[in-house]
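Chemist: One structure follows; several queries about it will come next.
The values are calculated or read from the model by the stated rules, or taken from the named source; none is laboratory data. A quick note: this is a predicted structure, and the numbers were derived from the prediction, not measured. Don't worry about glycine lacking a Cβ; one is built from the backbone with ideal geometry, like all the others, and counts go over all protein chains shown. Quick note on the areas: whole protein, heavy atoms, side chains included, nothing else; ligands and nucleic acids left out. Shrake-Rupley method; radii C 1.70, N 1.55, O 1.52, S 1.80 Å.
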Amino acid sequence: MTDKGSADLVIVANRLPVDRVTDDDGTVGWRRSPGGLVTALEPVLRANDGAWVGWPGSTECDLEPFQEDGLRLVPVGLSAQEIEEFYEGFSNGTLWPLYHDVVAKPEFHREWWESYVSVNQRFAARAAEIAAEGASVWVQDYQMQLVPQMLRELRPDLRIGFFLHIPFPPAELFQQLPWRRQILEGLLGADLVGFQLAGGAANFVRLVRQRVGHKTHRDMVYLPDGRTVQAAAFPISIDTVGFQKLAASESVTARAAEIRSDLGNPRKIFLGIDRLDYTKGIYARLRAYSELVREGYFDVEDTVLVQVATPSRERVGQYRALRDEVDRFVGRVNGDLGRIGRPAIAYLHSSYPQHEMAALYRAADIMVVTPLRDGMNLVAKEYVACRLENDGALVLSEFAGAADELRQAWLVNPYDINGMKTALREAYDADPKEIGRRMRAMRKTVRDYDVARWARRFLEELDATRPDHGRTVRSLETD
Ligand code: GDG
């Protein structure tokens, strides 16, 4: 393939938007893994002769770039050891808990870090090969934080953007990281560093000032070599129209009715949908709900909580422990409080097609999203998009990025079980007029600001960055 140096826009992400799959007859092919990010970026990639660099999810190396449904995809292989050290280790065992308020204990291992460095180097090298002269490269998320600087060293002509999908922690937590300075310098290779919330951008700028000693002013960093780096908030969103259309389809409408009837046509259905992750606050939510059943506020004859927990990172110890904890808890609650055909909690440890997700959103009267910390939380926005009749109540954690925009939700502190119980009861008892008023306002928010707009805003801002500030700045050496 003669890809080298021809892409005007390059996306660099840990995962490609396709999975490597082997059929029953042994043929190997690709399956599209749809997600908001791909939906948003697809039109921009097509319009800009773009390419996507990422890991295809297998241990095969030496995969050649290929076209899938008109998208130019450039695979980067990971060995079994790299999956363990770079992906499950440094990305999900060190950075993920550290960036989420240390809700689980981050582990620091030097060999994980070394693997993170060498994998980031490989991604940067691949992007450097395919980007055209003066192209824009948009690097995604916490697995790739060294790529901006590595790429800049290889290709100073490029315009480089970075977006972090998860929270950027306060200095007090970030400074635990033995490689804090290297990560900050990695990010400073970008011209524009995007965060979900203004707080994340402010944490970053403050750390750069304190730990690297660069001069900063508001959202700008002034580097000694004359470059500037801008840090700003770009709250991500969903394909709102896509979800609305799916929710309005006949088959989803029929499936939503079927779900309600399979559950025994309860008066009210509560719903939780999360990756099975300790940041999502599943355990505390189940506790709050089950206490209300135990205390007689909700009756299993006419009320149920459906909890979908999508399997995630199952080879990481902390995730296996969480699964056992949730399994045990649900078993005990249903054993104590359920009746034949009437569990208190209908628990599903499985992933579903988007069609089924939309049907669940349509079937549920009250959506419960209570992460202990979450960059944004798209599930909350998807629920809102699917409530075509402007009904349905959203109970939302203050610690999800989405709480900044969805102010009309019933906002809760997920660490406060009694507070959550109060909010669940209020949402349950709320007047339909009040529910409609809140839902209409939230629907306007997700309609006005969808994922395409998010991508456009970021890329326009990246285009407008003026890399050279033209002033000489002294760097104050620290660390
Ligand atoms: C990270 C940040 C930030 C879930 N189960 C199934 C399924 N999903 C889809 C949902 C939603 C997405 O996955 C989950 O997104 P979230 O935002 O809720 O959470 P994370 O996975 O933790 O995402 C987060 C996000 O990045 C984007 O920047 O908002 O804060 O942690 O779209 O619908 N989809 C299907 N089947 C499932 O079983 N089809």
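Chemist: Can you give me the number of residues within region 342-357 that are near the ligand (Cβ under 9 Å from one of its atoms) and open to solvent by less than 60 Å² (accessible area, probe 1.4 Å)?
Modeler: Counting residues in region 342-357 that are near the ligand (Cβ under 9 Å from one of its atoms) and open to solvent by less than 60 Å² (accessible area, probe 1.4 Å) gives 3.
Chemist: Taking helices (runs of 4 or more DSSP H) that do not extend beyond region 75-156, which have at least 1 residues that are among the basic types (Lys, Arg) and in contact (Cβ under 8 Å) with a residue 60 or more places away in the chain? Quick ask: steps written out before the conclusion?
Modeler: Working: elements: 96-99, 110-130, 147-154.
Helices (runs of 4 or more DSSP H) meeting the threshold: 110-130.
Chemist: Within region 112-159, count every residue that is open to solvent by 30 Å² or more (accessible area, probe 1.4 Å) and on the phi > 0 side of the Ramachandran plot.
Modeler: The number of residues fulfilling the criteria is 1.
Chemist: Moving to a separate point now. I'd like to check which strands (runs of 3 or more DSSP E) are fully inside region 184-228 and have at least 1 residues that are within 16 Å of the ligand (Cβ to nearest atom). Before you say what the answer is, go through the steps one by one.
Modeler: Numbers: elements: 192-195, 215-217, 220-222.
Where strands (runs of 3 or more DSSP E) fall fully within region 184-228 and carry at least 1 residues being within 16 Å of the ligand (Cβ to nearest atom), they are 192-195.
Chemist: Please determine whether any residue of region 371-381 is touching a strand residue (DSSP E or B) at 6+ places or on another chain (Cβ under 7 Å), under 29 Å from residue 442 (Cβ atoms) and more than 15 Å from the ligand (Cβ to nearest atom).
Modeler: No, region 371-381 contains no residue that is touching a strand residue (DSSP E or B) at 6+ places or on another chain (Cβ under 7 Å), under 29 Å from residue 442 (Cβ atoms) and more than 15 Å from the ligand (Cβ to nearest atom).
Chemist: Say whether the condition of being free of Cβ contacts under 8 Å to residues at least 24 places away in the same chain and open to solvent by less than 30 Å² (accessible area, probe 1.4 Å) is met by at least one residue in region 236-252.
Modeler: Checked against the condition, which is being free of Cβ contacts under 8 Å to residues at least 24 places away in the same chain and open to solvent by less than 30 Å² (accessible area, probe 1.4 Å), region 236-252 yields no hits at all.
Chemist: What number of residues within region 113-169 satisfy the criterion of being within 16 Å of the ligand (Cβ to nearest atom), under 18 Å from residue 188 (Cβ atoms) and hydrophobic (A, V, I, L, M, F, W, C)?
Modeler: So the answer is 7.
Chemist: I'd like the residue in region 174-183 that is open to solvent by 40 Å² or more (accessible area, probe 1.4 Å) and outside any loop (DSSP other than H, G, I, E, B) and, out of all such residues, is nearest to the ligand (Cβ to nearest atom).
Modeler: Going residue by residue through region 174-183, those that are open to solvent by 40 Å² or more (accessible area, probe 1.4 Å) are 175-176, 178, 180-182.
The next check asks that each one be outside any loop (DSSP other than H, G, I, E, B); those that pass are 180-182.
On the way: 180: 21, 181: 25, 182: 23 Å.
Going through the qualifying residues, I end up with 180.
Chemist: What's the total number of residues in region 346-371 that are at pLDDT 95 or above and among the aromatic types (Phe, Trp, Tyr)?
Modeler: Matching residues across region 346-371 total 2.
Chemist: Considering 168, 162, which residue is buried (at least 20 other Cβ atoms within 10 Å of the Cβ) and either without any contact (Cβ under 8 Å) to a residue 60 or more places away in the chain or out of contact with any Leu (no Cβ under 9 Å at 6 or more places or on another chain) (or both)? Steps first, answer last, please.
Modeler: Values: 168 fails: either without any contact (Cβ under 8 Å) to a residue 60 or more places away in the chain or out of contact with any Leu (no Cβ under 9 Å at 6 or more places or on another chain) (or both).
Selected residue: 162, the only one of 168, 162 that is buried (at least 20 other Cβ atoms within 10 Å of the Cβ) and either without any contact (Cβ under 8 Å) to a residue 60 or more places away in the chain or out of contact with any Leu (no Cβ under 9 Å at 6 or more places or on another chain) (or both).
Chemist: How many residues does region 211-258 contain that are over 19 Å from residue 162 (Cα atoms), touching a strand residue (DSSP E or B) at 6+ places or on another chain (Cβ under 8 Å) and of a type in the set (Lys, Arg)?
Modeler: 1
Chemist: Another question about this same structure. If you go through region 399-425 one residue at a time, how many are outside any helix (DSSP H, G or I), within 14 Å of the ligand (Cβ to nearest atom) and open to solvent by 30 Å² or more (accessible area, probe 1.4 Å)?
Modeler: Residues meeting the conditions: 2.
Chemist: Ok, one more. If you scan region 382-398, which residues turn out to be among the charged types (D, E, K, R) and within 12 Å of the ligand (Cβ to nearest atom)? Full working, then the answer.
Modeler: Taking region 382-398 as the starting set, the residues that turn out to be among the charged types (D, E, K, R) are 382, 387, 389, 391, 398.
Within region 382-398, just 382 meets the criteria.
Chemist: Look at region 275-327 and say how many of its residues are crowded, with 21+ Cβ neighbours inside 10 Å and acidic (Asp, Glu).
Modeler: Result for region 275-327: 1.
Chemist: Same structure again: Name the residue that is farthest from residue 355 (Cα to Cα), counting only residues in region 22-66 that are within 16 Å of the ligand (Cβ to nearest atom) and assigned to a strand (DSSP E or B).
Modeler: Here the residue is 54.
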